Amino acid sequence: MAVPPTRDDSRIIIHLDYDCFYASVIEAEQPVLKTLPLAIQQKQIIATCNYEARRRGLRKLQLVWEAKKICPDLVVVLGEDLTKFRDASKELYLFLRAFVWGGRVEKLGFDELFLDVTEMIDYTVDILNQNNLGNSFFYLDRLDPTAGFTFDATQFHGPTYPRASSESVPSAAQLTSGSLYTRLLVASHLAGYLRSRLEHQMGYTASAGISTSKLLAKMVGSTHKPNNQTSLLPPYAVAPESGTESSLMNFIDAHEIRKIPGIGSKLAHKLRAYVLAFDPDSNDHLPSPDKKVTVRDIRLFPRMGPVLLEEILGGPGSPKDIGMRVWALIYGVDNSQVIGCRDMPTQISVEDSFRRLEGLENVKKALTLLAASVIRRMRIDLTENAKDLPPHSKPERTWVAYPRTLRLSTRFRSPEETHVRSFNRTSRSVPLPQFVFNLGENVGALAERLVRETLVAMFHKLQPHRSGWNVNLLNVAVTNMVDAAGERKHSSGRDIGKMFRTQETVLEDWKVPEPDYPRCQTGGTDIRSFQPQDQPADVSSYPATELLCKNRGSFDASSLPAWNSPDHIWEDSDEDEAIPSKICPICGTPIPYFAEAAHERYHLVPD
């Protein structure tokens, strides 16, 4: 058998899966439905249902009429408009991301998250008090030692795999600071804390898995559901010579090969067919034809390794190195990184399919509904509350990103006489009209104008014939996002208007203080007399005066006019105030401080 792949268990990953997410969104709007069987309908099937409905025998992807027959009091809610689910998913994502250092949170669909909490766990583990583990503190903020929660670092929060007895006491080696056991233990308390905050502050429950990779965290999180969590205990490495079993391999070996994330139905079918076609008499461990093929069956199959997997799964259209990738997966090795999501989507797309859509008026109605949905999503996903507004002013929304391109995609049903079903789409793109960014205009009015002025013309370009066509799909999308000017990480430039509004506050620390000269009134005009407070009134008292005068001939200091005389008074100006200066004791000219030395040299030069 081939050598097992190299493991890297340096990370700590938490996988969160919201319980019955779609149903939970509806229940959050109408709490009375929490105790009733609830199903979300899309087209003619049950897309999902809550646990009360499942308890009564319902399941996903059931026909609506069949579900109502099984459960007559079933509450069915239409869920074809995904707006509310998308908005709830975004809200929960931003809520949980705020807890994770570096924002390393990756979305998987609407209802799953991967959290890379390695940095947070290692920080808390490094400062655990080994003499008082039962009264430990988890730090949620490096700069605020009061932000966090207390926990018992001698036992896991929630179930584990393998199941740990409540009476069992961890060994000293397991509780060693920095050990994988300790890091997973601390992470289990963080997962419990996040789930608690999610439930009590946002009204949603979730199941969690805690391990060292996205693959393992997702798999182990499915062990105890709903509203629970599971930690996969070490040891993970396969080391037969040590005499200890790998809890990871015991866990993953029991799974059917199709249940491994990353191994789809096609790959699983090829593996199953290959294993079951082998002569079962020569190997006792091989399954009978009516038995499910597990990971263990694949892993212990004769000659199994990356090379054989490449032979089984490779071929035209197969991913590169598919054999090595699957070999790693059946050993629970997954080094893929948690990729933080963009705050802004790369595109906004809404589509609908039809049995038969004929006639331009029907197309216009469908396009108007799609365009309105796109504009509403733009206002939700691409705007935020304006900042730096005057106190007590009315809240305003401002764009944080602008899509540049409008795209229309269609799919036409083939003529009935051909009996060939077409899955090909045709698309056309144009610059997005600027009027759609008018936040003061009604969404419906903007959608009608967009259809009238742009989308109808695009549709005619895609289908030049005025009649005789049959549309079965329409898609309206805005793409090519550009971040607006602002303070965001990916903003394109700075907000000049905001810079002018806040320049006084921002530049306050760099301002040169203006000398506080005494003021006097002359001719009704408020002017200043330039007699510095730290200068003697008699300039002849300066020691440098006599020295400088020897080189310039006789000089009578008393001939200088008084500094507060009208001859040496002038009106304020921005330029004068902007350059602090002192009065030359020789010639009486105001000299900027930076030019003082040069001016003295001027007086030393002979005529």
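The values are calculated or read from the model by the stated rules, or taken from the named source; none is laboratory data. Just so you know, these numbers come straight off a predicted model, no measurement behind them. So basically every Cβ, Gly included, is an ideal-geometry build from the backbone, and we count neighbours across all protein chains shown.
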Among the numbered conditions (1) touching a Leu at 6+ places or on another chain (Cβ under 6 Å); (2) in contact (Cβ under 8 Å) with a residue 40 or more places away in the chain, tell me where ILE45 comes up short. (2)
If the Cβ limit is 6 Å and pairs must be 6+ apart or interchain, which residue in segment 195-220 that is in contact (Cβ under 8 Å) with a residue 60 or more places away in the chain pairs with which residue that is hydroxyl-bearing (Ser, Thr, Tyr) and assigned to a helix (DSSP H, G or I)? TYR204/SER24; ILE210/SER188
Consider TYR51 carefully, then state whether it is among the aromatic types (Phe, Trp, Tyr) and more than 28 Å from ASP334 (Cβ to Cβ). yes
Members of segment 584-607 found to be in contact with a helix residue (DSSP H, G or I) (Cβ under 9 Å, 6 or more places away or on another chain), part of a helix (DSSP H, G or I) and surrounded by 14 or more Cβ atoms within 10 Å (Cβ to Cβ), listed by number: GLU600, HIS603
So which of SER336, SER353, SER373, SER349 is in a helix (DSSP H, G or I) and either in contact with a Leu (Cβ under 8 Å, 6 or more places away or on another chain) or at negative phi (or both)? SER373
So for segment 217-230 (the condition being of a type outside the set (A, V, I, L, M, F, W, C), buried (at least 24 other Cβ atoms within 10 Å of the Cβ) and more than 17 Å from HIS255 (Cα to Cα)), does at least one residue qualify? yes
Of everything in segment 389-423, what is among the aromatic types (Phe, Trp, Tyr) and at pLDDT 65 or above? Give them in sequence order. TRP399, TYR402, PHE412
By residue number, the members of segment 6-46 that are surrounded by fewer than 17 Cβ atoms within 10 Å (Cβ to Cβ) and either at pLDDT 90 or above or in a helix (DSSP H, G or I) (or both) are THR6, ASP8, SER10, ALA28, GLU29, GLN30, PRO31, VAL32, LYS34, THR35, LEU36, ILE45
Counted residues in segment 289-332 being among the small types (Gly, Ala, Ser) and closer than 13 Å to ILE260 by Cβ come to 2
